[in-house]
1. With a bin width of 10 angstrom, please list the P(r) values of the range 169-239 as percents of all Cα-Cα pairs, from the 0 bin to the one holding the largest distance.
2. Counting other C-beta atoms within 10 Å, and keeping those with at most 12, which DSSP coil chymotrypsin sites (Phe, Trp or Tyr not before Pro) do you find in the range 127-167?
3. Which percent of the accessible area of the range 99-162 is formed by carbon and sulfur heavy atoms (probe 1.4 angstrom)?
4. Just the accessible area for Val41, please: 1.4 Å probe, Å², rounded to the nearest 10?
5. What percent does the relative contact order of the chain come to when contacts are Cα pairs within less than 8 Å and at least six residues apart?
6. In the range 14-89, carbon and sulfur make up what percent of the accessible area (probe 1.4 Å)?
7. Identify the GluC sites (Glu not before Pro) of the range 193-294 meeting these criteria: DSSP loop state and at most 13 other C-beta atoms within 10 Å of the C-beta.
8. Run the 1.4 Å probe and let me know the accessible area of Ile242, rounded to the nearest 10 Å².
Amino acid sequence: MIIKFFRHGKGSESENPAASITGSLNYLVGDYDSSGNRRRVDPVWLRGDAEYMRQIAGYGNHAGSYTSGVLRFVEGLDDAQQQHMIDEFEKALLPGLDPCQYVSNWVRHQDKSGTELHFLIAGEELSTGKRVNAYYHEKDRVRLYYWRRMMDAEHGFADPDDPARARFVASHHDLPEKKAEMVDQLESMLLTMASQEIIKSRKDLVNTINKIEGIEVVRENPKTISIQIEGSKSANRLRGAIYHEDFAPTKLLGEELERKSRKYKEEAPERYKSSRKRFEELHQKRSEYYQKRYKVNVSVEDLSPDPVPAVGPVPRLDIG
């Protein structure tokens, strides 16, 4: 499983809050994906009230503020598994809060391989009217990391940390077309040279790049490097196993990956146990903070509509 949060919903004063949340909702149930391609499978509405979300995130005390993201699974989850993962994720993301204290919407996409569970969470706690940031990177990243490890080990989901699933280079769909093509060609060359053991270390890799006219390595981090392409205003960070500081050609070899993957899978029970322990410690600490900040003075049942309506399609919303 992969957890990804998007940049939408930061409450910018320059945007129309109602238009922002309406656009996000319509994208989730729309016929076209983010690349403009028509979806092969229609989205399915899984949970929440779209109009209530629009009212709270578009016109509420913190209009324009909401959290958006996706849970990605290689596997094809059935309906019960989807609802279970939604329940577990919301408990992990907003510890100590009852589902009636916030507004969330969930939509399933299956136009790509596997299952994508997309979510929107309004930025207002309903009992107090205070701002709630469902995902604050510095406070929530580590807790969700251990939750993801725990879920992968418990349910046998494809684990991005499994050596067999190592990505030697990351995709560059966010770059302009010409620059993405240049980076893809560079990486294809580097992978070929590494598989032939012409490149045997990160030092070799950096030296190879620096010999290419118009490209220079300007920064090195433990797991990434950044290159400056002549004519570009900013550097581009390159991610993937081939850029790690401990990279060696043996990491590209199938037998070595299989051995490490087998060992990783054998350690799943212990990984679940240790991840659960650390997750529960962090969850309890965050739960205490949320319960203190959002002390409920009314019956939570009176705060919002039923958070789990029947699964099905949702109509497009007009900007009002």
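1. P(r) over the range 169-239, rounded to whole percents: 19, 58, 22, 1.
2. Details: sites: Tyr135, Tyr136, Tyr145, Tyr146, Trp147, Phe157; in loops: Tyr135, Tyr136, Phe157.
Taking the range 127-167 and a limit of 12 other Cβ atoms within 10 Å, the loop chymotrypsin sites (Phe, Trp or Tyr not before Pro) found are Tyr136.
3. Details: 940 of 2230 Å².
It is 42 percent, rounded to a whole number.
4. It works out to around 50 Å².
5. It rounds to 24 percent for the chain.
6. Taking all protein chains in place, the range 14-89 shows 46 percent carbon and sulfur surface.
7. Sparse-neighbourhood loop GluC sites (Glu not before Pro): Glu197, Glu213, Glu230, Glu245, Glu267.
8. 0 Å²
The values are calculated or read from the model by the stated rules, or taken from the named source; none is laboratory data. What you are looking at is a predicted structure, and each value in this text was computed from that prediction instead of being measured. All Cβ positions, even for glycine, are placed from backbone atoms using ideal geometry, and neighbour counts span all protein chains on display. Note: accessible area is taken over every heavy atom of the protein model, side chains too, but ligands, DNA and RNA are not part of it. Shrake-Rupley method; radii C 1.70, N 1.55, O 1.52, S 1.80 Å.
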